[in-house]
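J.: My structure is below; once you've seen it, I'll send some questions.
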């Protein structure tokens, strides 16, 4: 069974098939005003090419898991993920301008790889400290 885990505390996405790690990618999750919804969700729809009407933003390799929240491609994910962790360690996370509007952003090549691996119905666990398979 395929499962995606999003660790909002470390800004990392893990994908497992059973207990075998498929990938581990830096990600960027929601900002303080638009938090990524914690809990267990499922991929309900996928779009290789997608443009958000609400934010007028390109979100290719979009995999929607909760209402309008999706895992999708973006740019500069690794530096933003790192900067968000530094702000957190300095106690400045409330001033974090780098988060998303609830989506989980991945670098383009990572988003494409995960998109191709993930079928509709895949479980997505969003947590501050997810319990990963052993």
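J.: What nm value, rounded to one decimal, do you get for the distance between residue 67 and residue 85 when each label is placed 7 Å out toward the C-beta?
T.: Going from the residue 67 label point to the residue 85 one covers 2.9 nm.
J.: A further question follows. Among 13, 92, 21, determine the one that fluctuates most according to a GNM of the chain built with springs between C-alpha atoms less than 10 Å apart.
T.: Residue with maximal mean-square fluctuation among 13, 92, 21: 92.
J.: How high is the relative contact order of the range 1-120, in percent, with contacts defined as C-alpha pairs under 8 Å that are six or more residues apart?
T.: Details: 227 pairs, mean separation 34.2, N = 120.
Relative contact order comes out at 29 percent.
J.: Of the peptides 97-110, 61-74, how do they stack up when ordered by the mean number of other Cβ atoms within 10 Å, highest first? Let's see the in-between values first.
T.: Details: 97-110: 20.1, 61-74: 21.8.
Going from most to least packed, we get 61-74, 97-110.
J.: Moving on. Multiplying the sequence separation of residue 108 and residue 94 by 0.36 nm and subtracting their Cα-Cα distance, what value in nm do you get?
T.: Numbers: separation 14, 0.36 × 14 = 5.04 nm, distance 2.74 nm.
Full extension of this stretch gives 2.3 nm more.
Values quoted throughout were computed directly from the atomic coordinates according to the rules given, and no laboratory measurement underlies them. Small disclaimer: the values here were computed from a predicted structure and weren't measured. No Cβ is skipped: glycine too gets one built from the backbone with ideal geometry, and neighbour counts run over all protein chains shown.
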